[in-house]
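A short reminder: the numbers here are calculations on the coordinates, not readings from a lab. Just so you know, these numbers come straight off a predicted model, no measurement behind them. Because the Cβ atoms are built from the backbone with ideal geometry, glycine has one as well, and the counts that use them run over all protein chains shown.
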Amino acid sequence: MTKKIVIIGAGFAGVWSALSAKRLLDLRSQNQGIEILVIAPEPSLVIRPRLYEANASDMTHPLGALFEGARIEFLQGMVRSINYNAQTLDVRSWKRRYPAKEYPGIQQHTFDIDSLESATKLETHLRDLASLPPSPGRNTIVVCGGGFTGIELATELPKRLGHISDYRVVLVENTDQIGLALGPGPRPVITQALEDLGIEVKAGSPVAKLTPMAFLLLLQFPAPKDELSRLHVDQYLRIPTIENAFATGDAASALADTKGHYALMSCQHALQLGRVSGHNAAADLLGEPMIEYSQAAYNCCLDLGSWGAVISAGWDRKVKHTGDVAKRVKCYINQQLIYPPHDSQEALTLANPNWPDSDQLFEQMLQAVG
Ligand SMILES: Cc1cc2nc3c(=O)[nH]c(=O)nc-3n(C[C@H](O)[C@H](O)[C@H](O)COP(=O)(O)OP(=O)(O)OC[C@H]3O[C@@H](n4cnc5c(N)ncnc54)[C@H](O)[C@@H]3O)c2cc1C
Ligand SMILES: *[C@@H]1O[C@H](CO)[C@@H](O)[C@H](O)[C@H]1NC(C)=O
């Protein structure tokens, strides 16, 4: 019987999981009997960390040739349900639309940048504002949520609103601190950037909370989840209560070090979680020992629009670089580092789970950008 590794989703974690599994099978020359299949709505990688930037509709990267070259099967569709006992999946060819919660006027007046589709809608809306008669309403953009993404979007907006005079960008945050999860280290830098860019900050102002039902499939898993609805996994990224199942990327609640830090819902973590989960799925089928997931080093780079950026080091987020240097690193991350190569052999080589850690990567990037 053919053995199969099925990967649901072609985000950063899914792509690198498929490549990493394939890399190990190729190394062992035993891939004849084992197929790798990726199921996702499109054969392309949406570069989600860039969806706050202008030209959001360009933030995708084709995967068809890469998968073909690496001999990874691709099936276009959405997985609707999984039957663990029968080891089968129900795949639909249509895209599930997640209903927005019903708040009056919500559809017409709010946007999100969670998906390529929604970020493109915002892009069009911002562009079309110039054709509307000027009014305070037209000129005011309210960004809801002063976390990582909210700060990146708010600081990017002045650049993207150059075609409108007298615009106002207001950043509204529920708690009394902007960038609460980013810690006290980078806060003075963030505050300075917001002030210099003329962004109005309203902290301690709760907005009606909108939670897209993006985790519908995850919620179906008969397994324990954390407060972000991520599946608990063991050190090999297996879901302990489900046989033959791994969770990875944003879907996994994985311990990243021995000090109690869990992987974040970030690209940095998704890439490595992907490599390890794919490797382990293949190792498991080959009867080889699996490797433990660990990602102790952590560095974070937050974009602050035309003001620059801020790089913080460690889980306690000590500010290491700001301004222009940090901005060049951010551009390098967004425009180069997170894109998979077009060449499949190169991609398979880069899928090695023994990947430089975050400290080494940031060191290399700082050198690369001068
Ligand atoms: C605006 C924005 C800014 C961000 N900024 C940063 C940043 O600066 N730094 C950083 O590290 N991270 C950032 N992130 C987070 C980062 O994008 C995510 O952590 C990362 O994309 C997670 O990768 P993933 O592969 O786990 O999931 P995703 O990239 O979300 O990929 C999930 C994949 O699964 C597919 N899928 C979902 N459901 C199904 C189904 N039922 N069947 C089949 N396929 C399915 C999706 O279509 C997609 O292909 C940002 C995110 C956003 C939205
Ligand atoms: C957006 O795309 C247009 C058209 O391709 C281009 O002229 C413009 O420079 C792009 N803007 C940015 C910020 O990349």
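Miscellaneous remarks
- Taking label points 7 Å from Cα along the Cα-to-Cβ direction, Gln220 and Glu346 give a separation of 3.8 nm.
- Cut-off under 5 Å, modelled amide H: who pairs with Tyr262 long-range: Ala256
- Within a Gaussian network of the chain (alpha carbon springs, distance under 10 Å), most fluctuating of His109, His279, His261: His109
- Estimated from helices alone, the mean residue ellipticity of the chain at 222 nm is -9500 deg cm²/dmol (sum of -39500 (n - 2.57) over DSSP H runs with n ≥ 4, per residue).
- Shape class for segment 106-203: prolate, because the ratio a/c of the largest to smallest gyration tensor axis (alpha-carbon atoms, square roots of eigenvalues) is 1.5 or more and a/b beats b/c.
- Stokes-Einstein diffusion for the chain, with the hydrodynamic radius set to the Kirkwood value over Cα pairs and evaluated at 37 °C in a medium of 0.692 mPa s, equals 150 µm²/s.
- Cα-projected label distance for Asp26 with Gln364, points at 7 Å along beta-carbon direction, nm: 1.8
- Distant-in-sequence amide contacts of Leu45, defined by a placed amide H-H separation under 5 Å and a gap of 5 or more residues or a different chain, comprise His61, Leu63.
- Amide H contacts of Phe246: Ile239, each under 5 Å away and 5 or more positions distant or on a separate chain (H built 1.01 Å from N in the peptide plane; Pro and chain starts excluded).
- Debye, to nearest 20: dipole size of segment 268-370, +1 on Lys, Arg Cβ, -1 on Asp, Glu Cβ: 500
- Here the spin labels are modelled as points 7 Å beyond Cα on the Cα-Cβ line, and at Leu132 and Ile242 they lie 4.2 nm apart.
- Dipole of the chain [Lys/Arg +1, Asp/Glu -1 at C-beta], most positive-end residue of Leu271, Ala245, Ala282: Ala245
- Segment 211-370 shape via C-alpha gyration tensor axes, a/c threshold 1.5: prolate
- In this structure, the pairs whose alpha-carbon distance is over 24 Å, taken from Lys202/Lys330; Lys159/Lys327; Lys22/Lys330; Lys121/Lys320; Lys225/Lys259; Lys202/Lys320, are Lys202/Lys330; Lys22/Lys330; Lys121/Lys320; Lys202/Lys320.
- Each Lys and Arg contributes +1 and each Asp and Glu -1, all at the Cβ; summed about the Cα centre of segment 106-203, the dipole is approximately 180 debye.
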